[in-house]
Amino acid sequence: MSRSVRLLFAVALVAVAVASAVVAAGAADLPRTAARRAVERSVHEAYPDLTFGNVACPTGVERKRGVSFTCTVQLPGTFLIVDAKQTDGSGAIDLTTQQALIPTQALREFVAQNASLPATVDCGPSLFRVARAGQVVSCSAALADGTTRQVDLTVQDTAGNVTVTAVR
């Protein structure tokens, strides 16, 4: 029972990489507030239902084409790491991430659709799960026959594709 499925609702932050965020020009360093706002805007556009806290970006990043830096987005119970790369000397940046941000509802639906019997699925209380490719996410499935199974899903990529890799 191992098949790859692209999870609906999962919009990879990598898709946001095509949209550059331009920050104010003039200083030798990239304004931290402008970089932080660009990350906030991109995360909000990609995941409108996601509640997130502080976005932390480094200070003293040289404003120069090709310069990269990392920002951290605080999520309930976890963090999303966002990589930024300046695309010009004016402070335009492209954003990518090595993590998938997967809606928990999409995980529940995936497990339920692949269960051998009707199932009530619990993948935890948070609305989203953050995971890297290769990481295992576990859900519990209460089947209609009264049995309960632990289902392990392995994240395949930053788009949130998963495969069922174990049922116990």
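Quick rundown of the values:
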item: Tally, over the stretch 85-100, of residues that are more than 21 Å from residue 61 (Cα to Cα) and modelled with pLDDT under 95; result: 0
item: Elements of type strands (runs of 3 or more DSSP E) contained in the stretch 84-166, each with 2 or more residues being touching a Lys or Arg at 6+ places or on another chain (Cβ under 8 Å); result: 93-96, 99-103, 119-122, 136-143, 148-155
item: Residue in the stretch 15-36 that is under 30 Å from residue 151 (Cα atoms) and at pLDDT 85 or above present; result: no
item: Residue, nearest to residue 132 (Cα to Cα), within the stretch 80-89, restricted to residues that are among the aliphatic types (A, V, I, L, M) and crowded, with 17+ Cβ neighbours inside 10 Å; result: 80
item: Residue match in the stretch 46-59 (condition: surrounded by 15 or more Cβ atoms within 10 Å (Cβ to Cβ), at pLDDT below 90 and part of a helix (DSSP H, G or I)); result: yes
item: Residue 126 surrounded by fewer than 16 Cβ atoms within 10 Å (Cβ to Cβ), more than 21 Å from residue 72 (Cα to Cα), of a type in the set (Gly, Ala, Ser) and outside the structural domain of residue 47 (by TED's automatic domain parsing); result: no
item: Members of the stretch 123-155 that are under 19 Å from residue 50 (Cα atoms) and without any contact (Cβ under 8 Å) to a residue 24 or more places away in the chain; result: 123, 124, 125
item: Restricting the stretch 68-101 to residues that are in contact with a Ser or Thr (Cβ under 7 Å, 6 or more places away or on another chain) and aliphatic (A, V, I, L, M), the residue that is farthest from residue 43 (Cα to Cα); result: 92
item: Residue match in the stretch 139-149 (condition: closer than 29 Å to residue 43 by Cβ and within 17 Å of the chain's Cα centre (by Cα)); result: no
item: Single match in 92, 159, 119, 115 (criterion: surrounded by 15 or more Cβ atoms within 10 Å (Cβ to Cβ) and assigned by TED's automatic domain parsing to the domain that holds residue 46); result: 92
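The values are calculated or read from the model by the stated rules, or taken from the named source; none is laboratory data. Since the structure is predicted, the reported quantities are computational estimates derived from the model, not experimental observations. Positions of Cβ are generated from backbone atoms using ideal geometry, with glycine treated the same way; all protein chains shown enter the neighbour counts.
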